[in-house]
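S.K.: Handing you this structure, nothing more for now.
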Amino acid sequence: MNLFSLRRATPSLDDLLIEPCAATPCAPFSSECLMPCVQRPQPVFVRGQGSWLWDSDDRTYLDFTQAGAANSLGHSPSVLVNAIAAQAQSMINPGSGFYNRGMLKLADRLCRSTGSDQACLLGSGTEACEAAITLARKWGRLYRGGAAGIITARHSCHGRGFAALAATGKPVSGNGFEPRAPGFSQVPFNDLPALHAAVDAQTVAIMLEPVQGEAGVVPATEHYLKGVERLCRELGILLILDEVQTGVGRCGTLLAEQLYGVRADIIALGKGLGGGVPLAALLARGKACCFEHGELDGTHHGNALTAAAGLAVLDSVQEHGFLPQVRVNGQYLGQELNRLASRYAQGEVRGHGLFWGLSLADDSAQALVNAALHEGLLLSAPQPDCLRFTPALTVSKGNIDEMLLRLARAFSRVQSAQLQCRKGVAV
């Protein structure tokens, strides 16, 4: 038996989709040519609208992941589709070395809306975090005697770039990317004394997520975040907030810092800013605005097409009544998740706005994600014992109720399987 036959002897994703052809190895619907960077389930999605997705078999799924909170307005909202189509007809990308109206308008809008002094438009949250680190170290050279150390929190996630991986407070699967960039240290989250103890003469900044999404949706306490801000002011170091997941309305306010009543020197935005289009931003205030020409650039930075998407998202999020509705629906979602958790003897529910995590009584998160998929519900599991919920900011109460019904069926399915397993062991 040759290697190809051996591989095909066991059903794989390709068996479920379409048989690869030796003459055309990159056949449609085959995963053969994709690097195995992300583990993906079987469905191939072909269409989306609002809170719903359709796969190639025309089966519908209720999406409470929304591309990891990137699709802030849901799938293919008309406001975003129209903005992108209109911009594409006139100009897509004149190049980052030239001004375009969308670039200027979005930067101005972001600064005015957030009380920032400068904005840089980027392509991803990882880029925004990398740029925040670069900017902080430039500031350290100018104003803190060359200090370059950055303190982050354990279990944090700041992206997949080289510096962002070093800033991230969790191990990378397989430890295949060592050695990491130097100059980063991690301390426990929500622990002010640990932060105090970690700061030294080489510290230039403290970099935190207001809510640790990958850790299982763990919010900072108000006491903690205000204490961090106070510490930064007292010691003359920068506060960087990674709002890639929490920004642009996800927590019920435009920025999560507004929810906590703090003010960062540098903010990284991403995900929801583009509404599903690759767009991010670096915001800076006061003396943190110290980049000069040539120190940060990228082919798609300030891209006219993505800027049009960002403006459409901000137009929607800043409409009268939009954010209050996010808070109302978020409160309802959290309340109903608590009821469901109690019914199925699960753990606590954590979060703000439409960003929630449900801790589980055991490490059954992936089994629940799989069971939910069977029920036509898309969820994510940032930890083995936690489910995460990031629906569209436009989600309806009816969508939430439908999600709860499908999730309840998933819980019943998993608990029934666990019971059968225990009976089998007993026998």
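A short reminder: the numbers here are calculations on the coordinates, not readings from a lab. Predicted model only: the values in this text are computed from it and were never measured. Backbone-built Cβ (ideal geometry, glycine too); neighbour counts: all protein chains shown.
S.K.: For segment 246-382, list log₁₀ I(q)/I(0) at each q in 0.11, 0.16, 0.18 Å⁻¹, using the Debye formula over Cα point scatterers of equal strength and ignoring solvent, two decimals each.
M.R.: With one equal scatterer per Cα and no solvent, log10 I(q)/I(0) is -0.57, -1.01, -1.14.
S.K.: Output the peptides 347-356, 370-379 sorted from most to least packed, where packing is the average of other Cβ atoms within 10 Å over each peptide's residues.
M.R.: Top of the packing list down: 347-356, 370-379.
S.K.: Another question, if that's okay. Take the cross-link list K105/K287; K105/K138; K105/K170; K170/K397; K226/K271 and give me the ones stretching past 32 Å between alpha-carbons.
M.R.: From the list (K105/K287; K105/K138; K105/K170; K170/K397; K226/K271), the Cα-Cα distance tops 32 Å for K105/K170; K170/K397.
S.K.: Right, here's the next one. Starting from the Kirkwood Rh over alpha-carbon pairs, what translational D in µm² s⁻¹ does segment 174-254 have by Stokes-Einstein at 25 °C and 0.890 mPa s?
M.R.: Details: Rh = 14.1 Å.
Rounded to a whole number, D works out at 174 µm²/s.
S.K.: Can you quote the Å³ per residue value for the convex hull of the Cα atoms in the chain, rounded to an integer?
M.R.: Enclosed volume per residue, from the Cα hull, is 181 Å³.
S.K.: Further, regarding this structure: Bin all alpha-carbon pair distances of segment 271-346 at 10 Å intervals from 0 and give each bin's fraction as a whole percent.
M.R.: 15, 26, 28, 19, 10, 2
S.K.: Under the definition of Cα pairs under 8 Å and six or more residues apart, what whole-number percent is the relative contact order of the chain?
M.R.: Value for the chain: 20 percent.
S.K.: Next question, about the same structure. Given points 7 Å out from each Cα along the Cα-Cβ axis, report the T221 to Q415 separation in nanometres with one decimal.
M.R.: 3.2 nm
S.K.: Starting at the first residue of segment 346-359, write each ³J(HN,Hα) from the Karplus equation 6.51 cos²θ - 1.76 cosθ + 1.60 with θ = phi - 60°, in whole Hz, x for Gly and Pro.
M.R.: 9, x, 7, 10, 10, x, 9, x, 10, 9, 10, x, 10, 6
S.K.: Considering amide H positions built from the backbone, and no H for Pro or chain starts, which residues 5 or more places from L122, or on another chain, come under 5 Å of its amide H?
M.R.: Residues meeting the criterion, in which the H sits 1.01 Å from N, are A280, A281, L282, G302.
S.K.: With r as the distance between the Cβ atoms of W54 and Q325 and R0 = 30 Å, compute the FRET efficiency 1/(1 + (r/R0)^6) and round to 0.05.
M.R.: My answer for the efficiency is 0.70.
S.K.: What is the Cα centroid distance between segment 358-407 and segment 51-69, reported in whole angstrom?
M.R.: Centre-to-centre distance over Cα atoms comes out at 12 Å.
S.K.: Explain nothing, just compute: Karplus ³J(HN,Hα) = 6.51 cos²θ - 1.76 cosθ + 1.60, θ = phi - 60°, for every residue of segment 101-111 in order, whole Hz, x for Gly and Pro.
M.R.: Coupling constants for segment 101-111: 4, x, 4, 5, 5, 5, 4, 5, 5, 4, 5 Hz.
S.K.: Once phi is turned into ³J(HN,Hα) by the Karplus curve 6.51 cos²θ - 1.76 cosθ + 1.60 with θ = phi - 60°, what whole-Hz value does each residue of segment 387-394 show in order, with x for glycine and proline?
M.R.: 9, 10, 10, 9, x, 4, 5, 9
S.K.: Also, quick follow-up: Once you have the Cα-Cα distance between N338 and D363, take 0.36 nm times their residue separation minus that, and quote the gain in nm to one decimal. Present the calculation step by step, with values, prior to reporting the outcome.
M.R.: Details: separation 25, 0.36 × 25 = 9.00 nm, distance 1.85 nm.
Roughly 7.1 nm would be gained on extension.
S.K.: Let me ask something additional. So for each of 400-406, 303-309, 92-98, 291-297 I average, over its residues, the number of other beta carbons within 10 Å; can you give me the resulting order with the highest mean first? Display every interim value, and only then the final one.
M.R.: Values: 400-406: 18.1, 303-309: 25.7, 92-98: 13.3, 291-297: 10.9.
Top of the packing list down: 303-309, 400-406, 92-98, 291-297.
S.K.: Something else: At a 10 angstrom cut-off on C-beta neighbours, averaged per residue, how do the peptides 243-250, 208-215 rank from highest to lowest?
M.R.: With the highest mean Cβ count within 10 Å placed first, the list reads 243-250, 208-215.
S.K.: Which far-off residues, 5 or more places away or on another chain, put their amide H under 5 Å from the one on F189, with H placed in the peptide plane?
M.R.: So F189 has HN proximity to R154.
S.K.: To continue, here is another question. Decide, for segment 102-200, between rounded, prolate and oblate: order the square roots of the alpha carbon gyration tensor eigenvalues as a ≥ b ≥ c, take rounded if a/c falls under 1.5, and otherwise choose prolate if a/b is larger than b/c, else oblate.
M.R.: Numbers: a/c = 1.87, a/b = 1.44, b/c = 1.30.
Since a/c reaches 1.5 and a/b is larger than b/c, the shape of segment 102-200 is classed as prolate.
S.K.: Also: Place +1 on the Cβ of every Lys and Arg and -1 on the Cβ of every Asp and Glu in the chain, take the dipole about the Cα centre, and give the residue among L73, A153, L373 whose Cα lies farthest towards its positive end.
M.R.: Final value for the positive-end residue is A153.
S.K.: What does the charge add up to near A304, with Lys and Arg as +1, Asp and Glu as -1, over the other residues with Cβ less than 14 Å from its Cβ?
M.R.: Values: positive: R101, K105; negative: none.
With Lys, Arg at +1 and Asp, Glu at -1, the neighbours total +2.
S.K.: Name the residues whose placed amide hydrogens come within less than 5 Å of the amide hydrogen of R47, ignoring near sequence neighbours (fewer than 5 apart) on the same chain.
M.R.: Excluding prolines and chain starts, which carry no amide H, the hits are W54.
S.K.: Compute the Cα gyration tensor for segment 28-84, then decide on rounded, prolate or oblate, letting a ≥ b ≥ c be the square roots of its eigenvalues: rounded whenever a/c is under 1.5, prolate when a/b is larger than b/c in the other cases, and oblate in all that remain.
M.R.: prolate
S.K.: So how long is each side of segment 78-317 along the principal axes, counting just the alpha-carbon atoms, biggest first, in Å?
M.R.: 55, 39, 36
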